[in-house]
Structure formats: C-alpha cells, structure tokens
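The values are calculated or read from the model by the stated rules, or taken from the named source; none is laboratory data. This is a predicted model, so every value here is computed, not measured. Glycine also receives a Cβ, built like all others from the backbone with ideal geometry; neighbour counts cover every protein chain displayed.
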Amino acid sequence: MTPEQARSFYREQGGFAADNADWLYGLTGYDGVEGATDESLDVTPPPDSAYPTLTDVLGRPGRSYAQWARDHASDFTRTADRTAGPGHD
C-alpha cells in the first residue's frame with residue numbers, strides 16, 4: 001500500500017480517521033512543537049523475521065488464553081482468606 005492509498009483509506013472512514021489521516025499514517029508530528037520535524041518515515045518496514053518471536057523471548061512456546069485462564073483461575077476465585085477482614089463474614 002502506498003502512502004497515498006493509506007491516507008485515502010483513512011479519509012474514506014470519515015469522522016476522526018478522516019480528520020486525522022496524515023497523523024494516523026505518521027506523516028505529521030504530534031509533539032505540538034511548531035516547526036519540529038519527526039524522523040523520516042520508512043515506508044518499507046522490516047520483515048516480521050527481523051523481530052524476535054515470543055518463543056525466542058521466553059525460550060518456550062507461549063500459552064493460549066484458555067491455558068492461561070486455567071492456570072490462573074484460583075487468582076480470581078474468592079476465598080475466605082482474601083475476603084475476610086473487619087466487618088466481613
């Protein structure tokens with residue numbers, strides 16, 4: 001997608017996206033400093049392979065949300081130890 005195609009896409013959305021198409025695409029700064037220029041925009045981002053994966057970072061595959069929820073279910077279960085306190089039965 002070219003920069004103009006991206007801006008056109010935002011403009012076609014209407015509302016906030018249309019009003020801020022250049023900012024959303026990153027062509028204008030948002031620092032509020034008059035005359036300040038941001039770093040140039042790299043229109044060809046590096047490939048995904050240039051970034052470490054979750055497995056690279058953790059040294060193991062990530063868990064699904066369902067597995068995380070099973071592993072942490074007790075964190076969201078009310079127990080007497082957590083709710084007991086002054087004025088609680």
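Among the residues of segment 38-89, what is the count of those that are among the acidic types (Asp, Glu) and at pLDDT below 80?
If we filter segment 38-89 for residues that are among the acidic types (Asp, Glu), which is where we start, we get 38-39, 42, 48, 56, 71, 75, 81, 89.
Next, from what is left, pick out any that are at pLDDT below 80: 38-39, 42, 81, 89.
Counting residues in segment 38-89 that are among the acidic types (Asp, Glu) and at pLDDT below 80 gives 5.
Name the pairs whose Cβ atoms lie under 8 Å apart, with the first residue in segment 8-24 and among the hydrophobic types (A, V, I, L, M, F, W, C), the second loosely packed, with under 12 Cβ neighbours inside 10 Å and outside any helix (DSSP H, G or I), and 6 or more positions between them or separate chains?
Phe9/Met1; Trp23/Tyr30
Hey, could you check segment 11-37 for residues that are surrounded by 10 or more Cβ atoms within 10 Å (Cβ to Cβ) and charged (D, E, K, R) and say which is modelled with the lowest pLDDT?
Asp22
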